[in-house]
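Each reported figure results from applying straightforward, stated rules to the coordinates on display, with no laboratory input. Bear in mind the structure is a predicted one, so any value in this text is a computation, not a measurement.
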Amino acid sequence: QVLLVESGGDLVQPGGSLRLSCVASGIDFGIYHMAWYRQPPGQRRVVVARIFTDGATSYADSVKGRFTISRDNAKNTTNLQLNDLKPEDTAVYYCNANRIFSPTLWGQGTQVTVSD
């Protein structure tokens, strides 16, 4: 069974940090590009960070310098380190796995809330 399972979401104060994790099963993880998306309340889902099979990364302008995406192919895991969190980072964060000619895979999401 193909699964992406996210964890690590929480309520945190502005300026705080979180580490989100996504564990994949049922796929050849190393051949998938991985990404994190987020969906704020009442808004559409947008990409936050990507990490490609060669380890290259890209980030949305809104999170550059604050978020870091990584992957561990031996553990079928991708992580997103969130630093200096702001209220506008509040969203459900989704893990995404994609490769050409294959269906895109999504996790169930993990809630990040940044508030005093």
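Cα-based Rg (one decimal) and Dmax (whole number) for region 13-116, in Å?
13.4, 44
What ratio of Cα Rg to 2.2 N^0.38 Å holds for region 1-64?
1.27
Fully extended, how many nm does the chain gain between VAL5 and VAL46 (0.36 nm per residue separation, minus their Cα-Cα distance)?
12.9 nm is the gain from fully extending VAL5 to VAL46.
Could you check what % of the DSSP bridge pairs in the chain are antiparallel, to the nearest 5?
In the chain, approximately 95 percent of DSSP beta bridges are antiparallel ones.
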